[in-house]
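The values are calculated or read from the model by the stated rules, or taken from the named source; none is laboratory data. From a predicted model like this one, the values you see are computed outputs, not experimental measurements. Neighbour counts run over all protein chains shown; Cβ positions are idealised from the backbone, glycine included.
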Amino acid sequence: MQRMSRAVACVAIALSLSAGIAYAIEDGAGDPTAVKSEDGKWQDKNGNPTFKIGDDGKVDWYTYVGFIRYSANCLQCHGPDGLGSTYAPSLVDSLKHIDYTTFYATVAGGKQNVSAAQNLVMPAEGANKNVMCYIDAIYVYLRARADGAVGRGRPAKHDDKPEAYTKAENECMG
Amino acid sequence: MRRGSSGFWLAAAVMLSPVLLTTTAVAQTSANGDLTKMQSNASEWVMPTKSYDNQRYSTLDQITAQNVGKLQVAWTFSTGVLRGHEGSPLVIGNIMYVHAPFPNTVYALDLDHDGKILWKYEPKQDPNVIPVMCCDTVNRGPAYADGKIFLHQADTTLVALDAKTGKVDWSVKTDDPSKGATGTSAPMVVKDKVYVGVSGGEFGVRGWVAAYSTKDGKELWRAYSEGPDKDLLVDPQKTTSLGKPIGADSSLKSWQGDQWKIGGGDTWGWLAYDPKANLIYYGSGNPSTWNPSQRPGDNKWSMTIFARDPDTGMAKWVYQMTPHDEWDYDGVNEMILADQEIGGKTVPTLVHFDRNGFGYTLNRETGELLVAEKYDPAVNWATGINMDKGSKDYGRPILDKKYSTETPDVNHQGICPAALGTKDEQPAAYSPDTKLFYVPTNHVCMDYEPFRVSYTAGQPYVGATLSMYPPQGSQNMGNFIAWDATTGKIKWSDPEAFSVWSGALATKGGVVFYGTLEGYLKAVDAKTGKELYRFKTPSGIIGNVMTYEHNGQQYIAVLSGVGGWAGIGLAAGLTDPHAGLGAVGGYAALNNYTALGGTLTVFKLPSS
């Protein structure tokens, strides 16, 4: 099923390229194209957080921070670069299907799938500042991974840290 | 709240201990005698590391360098659990005890009847403990004494089971999993006490080792790694570090403010015991968080070897290997006790292969440092250990500033070893025949990027991201080495594609065994390292090889079931490990070799 949709997306890109027109990729939250920035934090047309990648591959600040905070707080279970592990799903796949609200609710509230066959438990991160203060950045990073806009590993180049970010971080982390 | 009450408890226990000692003196002697005696019986495997000295050496010699090539599978057993299987079975009499990761199942198998299941124990534990286990839901196995099986479960329940029936005799809670404390390590029994430590360095859990009565589970003492002297169970004048008294408030002075309360120093490794010196030995883990700039000071006594009186818990000596850790080089790896010739004299040594890449040889009675050398030439964070007794830095690592991670928000590159260490918990073996140590090692480097992190009880308190990859110019991510601990030199080294994450076994037959992450059980010549036999088990091996004898036949057994830290990268494919891509990237290619599943495989020679 996931393979199918990826294949469809590939065909779509190929078509759009050959036709010479821009064709947007759809993920779980819709069209990720960045339309508006508030102090370096990008939004799509629906107001969801999203990524902005320059022609030279330079990522916006939040995508970069998302990589760092994902690696610190989520990698232990969800594997390097959002690819999943032996006991937690690939978020690169999940974000193709779930929207921002569902993502936020799952991170904050947790999820359990415990049966005779498996013991999968996602903790509720709602009280964890190391996650919740960076939730949008983590979302943006994973959204970029799900859409194939960012590859594996540490993004090589990123925008400078916006002043508004420092202020918001200090207020949130306390 | 919990800490307050255990502090009170500690004071009470110390006051009561002389009385306890007198009244239980008889029971102590007999219990201790039994287990010590049982260890010398080569046909059994009565504790996870074979014997109190942690040598993992068996005098069984039916399987030799000449005939091991004919080894074949005798029987197998599935644990029914998919996650990472560390540790090894025990064999007591005609019963084998096999454990599994969460839900921490234990099986008793009847060796007289083709491994028929005599009983199965499966505790009901709150699944919320699963996500607070940092690196998979592993457990390194139970201990045996006095007709009981002792198991430290994931949710920090220490349970005593009747070895014949599996019925719970007593159980006690040792810590609080809602704050990130978990049980993964194997207990050890000395005399009438069972000792256990705790995991949770990635959650800011303050480490401790505690002694419980084997009879009823009553806590008899508890010694923390960090905090005030009364919590540490140290005597500022009598407890020494490298021959000198540690002085008052040694831990408190090495932390900023109250940071020691969430300072880590967890105690999830193997314990050792020297009956002659009457001392138990173990190491403490990393200080929390992984961001070093957030916790100035030496962060004592994280990263420390402890020698304690098993009766009172009082520390005789301590030695901190990595003061103010900047790389997550936990000091918990096993302490191997062996009497060795050094400078023409027989010295009671303790040999320890630390995560930080140095192999240490100490006098285990005094804590004097004798040898400290790199056991992987790739190690670069320190150029050596200061061995000048006149120096104020005696015993401290000589740091290479290039590989310091003190500056936050910078990606510090090319540090060797990686946070996995040159070796993790997978225990080494020692053969008194060859006088060599056989060490399963990692050959992995890392980039380390520390950043600010805030503490919330029960939530990860990490503060760094890492990417791992093999050292430049290396194709292999592991080595299996033979080490001379009297000189600190590698005798031979067998390269392995992946980290060697399996405990070694040395035997009188001149054969050394270990497992690989692809799933091979391998036998090599103890003298040369030459491979003599390999067999591919159903899954990658992170368990420890053991041996026993039944009806006159020698068997070799190992748990396979990939997972643990190595399993985190398993599901993700990797494009190029040498490009230094994502963390744990080096292990990703494992996908092409093995898949999940816990199985015990037992080997023997064909009947002649």
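Structural remarks
- Qualifying residues in segment A:87-102 (those that are surrounded by fewer than 24 Cβ atoms within 10 Å (Cβ to Cβ) and either modelled with pLDDT under 85 or among the aromatic types (Phe, Trp, Tyr) (or both)) - the one nearest to the chain's Cα centre (by Cα): A:Tyr100
- Residue count for segment B:290-317 satisfying the condition of being within 28 Å of B:Glu365 (Cα to Cα) and either among the aromatic types (Phe, Trp, Tyr) or at pLDDT below 95 (or both): 3.
- Restricting segment A:136-167 to residues that are more than 14 Å from chain B (Cβ to nearest Cβ) and aliphatic (A, V, I, L, M), the residue that is surrounded by the fewest Cβ atoms within 10 Å (Cβ to Cβ): A:Ala164
- Meeting the requirement of 1 or more residues that are surrounded by fewer than 18 Cβ atoms within 10 Å (Cβ to Cβ), the strands (runs of 3 or more DSSP E) wholly within segment B:94-185 are B:106-110, B:116-121, B:157-162, B:168-173.
- Residue that is nearest to B:Thr547 (Cα to Cα), among those in segment B:86-107 that are more than 14 Å from every other protein chain (Cβ to nearest Cβ) and of a type in the set (Val, Ile, Thr): B:Val91
- Any hit, segment B:466-476, residues being of a type in the set (Phe, Trp, Tyr) and either modelled with pLDDT under 95 or closer than 30 Å to A:Glu125 by Cα (or both): yes
- A:Gly110 vs. criteria farther than 24 Å from A:Lys41 by Cβ, touching a His at 6+ places or on another chain (Cβ under 7 Å) and facing chain B (nearest Cβ under 9 Å): no
- Counted residues, segment B:285-309 - those being buried (at least 24 other Cβ atoms within 10 Å of the Cβ) and touching a Leu at 6+ places or on another chain (Cβ under 8 Å): 4
- Meets criteria (surrounded by fewer than 24 Cβ atoms within 10 Å (Cβ to Cβ) and either among the hydrophobic types (A, V, I, L, M, F, W, C) or within 23 Å of the chain's Cα centre (by Cα) (or both)) for B:Asp266: no
- Some residue of segment B:331-352 being modelled with pLDDT of 95 or more and under 14 Å from B:Gly264 (Cα atoms): yes
- Residues satisfying the stated conditions in segment B:447-478, i.e. out of contact with any His (no Cβ under 9 Å at 6 or more places or on another chain), over 26 Å from B:Gln259 (Cα atoms) and more than 8 Å from every other protein chain (Cβ to nearest Cβ): B:Met468, B:Gly473
- Among the residues of segment B:60-85, those identified as more than 14 Å from chain A (Cβ to nearest Cβ), assigned to a loop (DSSP other than H, G, I, E, B) and in contact (Cβ under 8 Å) with a residue 40 or more places away in the chain are B:Leu60, B:Asp61, B:Gln62, B:Ile63, B:Thr64, B:Ala65, B:Asn67, B:Leu71.
- Some residue of segment B:14-24 being small (Gly, Ala, Ser), surrounded by fewer than 22 Cβ atoms within 10 Å (Cβ to Cβ) and modelled with pLDDT under 90: yes
- For B:Lys193, the conditions (1) within 13 Å of chain A (Cβ to nearest Cβ); (2) crowded, with 24+ Cβ neighbours inside 10 Å; (3) more than 27 Å from B:Gly515 (Cβ to Cβ) are fulfilled apart from (1).
- Checked against the criterion of being within 14 Å of chain A (Cβ to nearest Cβ), in contact with a strand residue (DSSP E or B) (Cβ under 8 Å, 6 or more places away or on another chain), surrounded by 23 or more Cβ atoms within 10 Å (Cβ to Cβ) and modelled with pLDDT of 80 or more, the candidates B:Gly543, B:Gly561, B:Gly586 yield just one match: B:Gly561.
- Top-ranked residue of segment B:108-134 - restricted to ones that are over 30 Å from A:Asn128 (Cβ atoms) and touching a Gly at 6+ places or on another chain (Cβ under 9 Å), ranked as nearest to the other protein chains (Cβ to nearest Cβ): B:Lys120
- Hey, B:Ile415 closer than 24 Å to B:Leu517 by Cβ and of a type in the set (Val, Ile, Thr) or not: yes
- Residues in segment B:207-233 that are closer than 19 Å to B:Gln259 by Cβ and surrounded by 22 or more Cβ atoms within 10 Å (Cβ to Cβ): B:Gly207, B:Trp208, B:Tyr224, B:Ser225, B:Glu226, B:Gly227, B:Leu232.
- Any chance B:Pro48 is under 26 Å from A:Gly110 (Cβ atoms) and either without any contact (Cβ under 8 Å) to a residue 24 or more places away in the chain or not polar (S, T, N, Q) (or both): no
- The strands (runs of 3 or more DSSP E) found entirely in segment B:455-518 that carry 3 or more residues being more than 17 Å from B:Ala566 (Cα to Cα) are B:478-484, B:489-496, B:505-507, B:511-515.
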